[in-house]
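Okay, so here's the structure we're looking at.
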Amino acid sequence: MSIGFKAQRKILPFIFLLPALAFFIVFQVYPLLKGFQMSLYHWELLPDKVSQFIGLKNYINAFTDPIFLRASKNTLIYALVTVPGQMILAMLAAVLLNALPRGRVIFRVLYYIPVITSWVIVSLLIRYLFQSPEGLINYFLVNVFHITKNPILWMNKASTAFIPILILGIWKGIGWSMVIYLAALAGVPKELQEAASIDGASSWQNYWRITFPLISPTIVFTLVMLLIGGFNVFISVYLITGGGPMQQTEVMLSYAYHQAFDYLDFGYGAALSYTMGIIIIILSLLQIKLLRKPQEIYA
Amino acid sequence: MKFKRKDFKNIILYLIAIIGAVAMIFPFLWLVSNSFQAHVFVIEYPPKLIPDNPTFENFIRAWTSNKFQLYFLNSSFTATTATIGAVICSAMAAYAFARFEFKGKELVFTIFLLVLMVPDVVTIMPKFLLAKTLGLRNSLWGLILFYIGMNISLNTFLLRGFFESQPRELEEAMVIDGANPFTVFFSLALPLAKPALATVTIFSFLANWDEFIWALTIIDDPLKRTLPIAIYSFQGQHGTEWGLTFAAMIIALIPVVLIFISLQRYFTSGLTTGAFK
């Protein structure tokens, strides 16, 4: 007994979708909804206690929590420093490699290595390099370049403890944007640039008047992706400073994680995460407009 | 005269490119160099890039002690199984999005994309409770099932784009010849999608191989550790034994670098067809 053609056509897409949808709903959508519910409760972890519904209180508390405000500020600083930092250096690298007569591939591979290395490894490495007092960075600052007389105790003050995190954020991301910019540069018609050169345009003018406008959709695309990535910052903070000293270098996600898994306040932790999530969702809606037709970006 | 000026310009360009390359790989050179030094508890002063008495001791100790071989096996099993599961599920879903018409298609796809953008840490508390309820704590399956869930939306997004870029004619010809849609999918569409499948397989595998936060959250049992957790746990166990940590890092990095160098072209194609970091 075979099912009718029409019925088959209706069921068919569902059969193809079923495995993915099952995983997606159970392990992504359900936690997303459950987390929102948790954020409205004073959540009890022990099964014999009843969690108490407290409405938006967790969210309201967040906005008067000095450490959360500090963490938000740090997250914003991280995004505002690392995003332009990555974009500018990546663009310089892309233009530079694009101008090389040969050997582009080997440089591209070398610049991309930090991107493929796990956050755990590079975070611990950076922490090692910035050790105080006898880390390698201090060695260079004191003994080689004589910039400071005494080694800097990086992890003792919030202002200096955040520096390795920022440097890591920029350094690790350059290769990613660079590869995308290289692809975009390759798509710029050579004739246009040659014509402009013949008309007497310098390479500087050539870049800003011809190349830049043509690849600007790509630049906007990387901007939004990097902003989302920037707000995502977590592992490097967790491993380099642990949010210290005195929770002064916490970012939004690391603070939420500490609230949940160190202080066991899941409701509050969820509310903090969701505050972050809302920012990301807004950025993502913007992004989906760009993503809908990726071929337009790379045409 | 003009020729010489061009040469000079090229030399400058290469010089800058090399300085950039050194900045990008210096921490790794340092990592490799230090891993060959015996007993790095404190850093030698002045630091040396080439160790005086290079030794494999750290590698041997890292590999044979601390159940490191088990951790390597745990990581391999978890990342491989999760990747295969995620790629099969998302290839089927992507095919449905690309080739079939059904109600709510774009809505479901938009939800896929939105969820993709939400960082995994945001939902880590409810996920933790879910894993606890399902009895998946301290189990590699707890990692695998959640990793598949984490991989699916990105893979589906990338593969849909690929399937849509392929011509339909061959598939339609097969259907007219009486083949059912599953045969068309498995014997025609999927083999043709090999380059795209390679790309998503690599991305998924690396993400699963390196995953840290979820494993840190649900794995307490030392026997169930994966490599990132193992490396992290070398920290501060008895003070930090950096030499051992570095050797462990390099062992964990070897598969990643091998995959990257041998399959380099798929990285670029994956990046430029979609959006991924």
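The values are calculated or read from the model by the stated rules, or taken from the named source; none is laboratory data. Note that the structure is a prediction, hence the values are computed from the model and not measured. Virtual Cβ from ideal backbone geometry, glycine too; neighbours counted across all protein chains shown.
Scanning the stretch B:118-165 for residues that are touching a Gly at 6+ places or on another chain (Cβ under 8 Å), of a type outside the set (A, V, I, L, M, F, W, C) and surrounded by fewer than 22 Cβ atoms within 10 Å (Cβ to Cβ) returns B:P119, B:G161. Report yes if some residue within the stretch B:114-122 is more than 15 Å from B:S153 (Cβ to Cβ) and assigned to a helix (DSSP H, G or I); otherwise report no. Yes.
When A:L168, A:L96 are checked against the criterion of being of a type outside the set (S, T, N, Q), more than 9 Å from every other protein chain (Cβ to nearest Cβ) and either under 26 Å from B:L216 (Cα atoms) or free of Cβ contacts under 8 Å to residues at least 24 places away in the same chain (or both), a single residue qualifies: A:L168.
Residues in the stretch A:263-275: is at least one closer than 22 Å to A:I77 by Cα, away from chain B (no Cβ under 12 Å) and buried (at least 22 other Cβ atoms within 10 Å of the Cβ)?
no
The single condition among (1) crowded, with 18+ Cβ neighbours inside 10 Å; (2) under 27 Å from A:L153 (Cα atoms); (3) touching a residue at least 60 places away in the same chain (Cβ under 8 Å); (4) under 16 Å from the mean Cα position of the chain (by Cα) that A:I77 does not meet is (1). Among the candidates A:L97, A:L56, A:L89, A:L80, the residue that is out of contact with any strand residue (DSSP E or B) (no Cβ under 8 Å at 6 or more places or on another chain) and closer than 15 Å to A:S273 by Cα is uniquely A:L56. Of all residues in the stretch A:107-125, those that are more than 17 Å from B:A17 (Cβ to Cβ) and of a type in the set (A, V, I, L, M, F, W, C) total 8.
So is A:T160 modelled with pLDDT of 90 or more, touching a Gly at 6+ places or on another chain (Cβ under 7 Å) and either more than 23 Å from A:Q86 (Cβ to Cβ) or of a type in the set (S, T, N, Q) (or both) or not? Steps first, answer last, please.
Details: modelled with pLDDT of 90 or more: yes; touching a Gly at 6+ places or on another chain (Cβ under 7 Å): no; either more than 23 Å from A:Q86 (Cβ to Cβ) or of a type in the set (S, T, N, Q) (or both): yes.
Taking the combined requirement at face value, the residue does not satisfy it.
Among the residues of the stretch B:77-103, the ones that are without any contact (Cβ under 8 Å) to a residue 24 or more places away in the chain and either assigned to a helix (DSSP H, G or I) or touching a His at 6+ places or on another chain (Cβ under 9 Å) (or both) come to 3 in all. Going by the structure shown, is B:A62 within 11 Å of chain A (Cβ to nearest Cβ) and either within 30 Å of B:S33 (Cα to Cα) or at pLDDT 95 or above (or both)? Judged against the criteria, B:A62 is not a match.
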